[in-house]
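Accompanying notes for the structure given below.
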Amino acid sequence: MLDIIAFDADDTLWQNERIYNATQEQYARLLARYTGANGIDAVLYQTEKGNIPYFGYGIKSFTLSMIETAIRLSEGRVTADEIAQIVGFAKTMIDTPVELLDHVTETVAQLSSPTG
């Protein structure tokens, strides 16, 4: 018998990846004038990986990585308005309602039941 069941909730219990993908599309459009849209995702991903030891995971870390990548890709020419837009992307991500995956409510209820 198990006493504890743990989940890495995002993309296990609720939809999360779609929010990041939509934000990356907006981000690529924002920075396209500096480098073209190709390759932005790869540079952002490398920045994110390098920042994990410093900032961990999540929207705040992702935002710092987007800002750092924007500075790098624009060679320092990214504007304050564009950085404000990136911060706005993060706020939208945080404000996006949680969308549970199918059958999560029933599954968690069953797993938490003593008769499971």
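Please check which bits of segment 15-53 a label hung off residue 100 would reach, taking the label as a point 7 Å along Cα-to-C-beta and the cut-off as backbone N under 16 Å. In segment 15-53, the label zone of residue 100 (backbone N under 16 Å from the point 7 Å along Cα→Cβ) covers 15-16. Between the listed residues 43, 2, 73, the Cα displaced farthest toward the positive end of the dipole of the chain, a dipole computed from Cβ unit charges relative to the Cα centre, is found at 73. About the centre of its Cα atoms, the chain shows a dipole size close to 540 debye [charges on the beta carbon of Lys, Arg (+1) and Asp, Glu (-1) only; nearest 20 debye]. For the residues 47, 105, 35, a GNM of the chain with alpha-carbon springs under 10 Å puts the largest fluctuation on 105. Considering only 63, 12, 92, the Gaussian network model of the chain with Cα springs below 10 Å gives its largest mean-square fluctuation to 12. Each part reduced to its alpha carbon centroid, segment 44-74 and segment 1-38 end up 13 Å apart. Spacing of the modelled spin labels on residue 38 and residue 13, each 7 Å from Cα toward Cβ, amounts to 4.2 nm. Each stretch of four or more DSSP H residues adds -39500 (n - 2.57); spread over every residue of the chain, this sum gives -21000 deg cm²/dmol at 222 nm.
Using only the Cα atoms of segment 9-56, build the gyration tensor, take square roots of its eigenvalues as a ≥ b ≥ c, and label the shape rounded, prolate or oblate: rounded if a/c is under 1.5, else prolate if a/b is larger than b/c, else oblate. The shape class here is oblate. Between the entries [x] 12, 37, 25, 15, 8, 2, 0; [y] 11, 25, 30, 21, 11, 3, 0; [z] 13, 37, 33, 14, 3, 0, the label attached to P(r) over Cα pairs in 10 Å bins from 0, in percent calculated for this structure is [x]. Residues whose amide H lies under 5 Å from that of residue 16, counting only those 5 or more places away or on a different chain, are 11; hydrogens are built 1.01 Å from N in the peptide plane.
Each label point was placed 7 Å from the Cα along the Cα-to-Cβ direction; for residue 4 and residue 108 their separation is 1.8 nm.
All of the numbers you see were taken from the coordinates with simple rules; none came from a lab. This is a predicted model, so every value here is computed, not measured. Note that we place each Cβ from the backbone using ideal geometry, even for glycine, and neighbour counts take in every protein chain shown.
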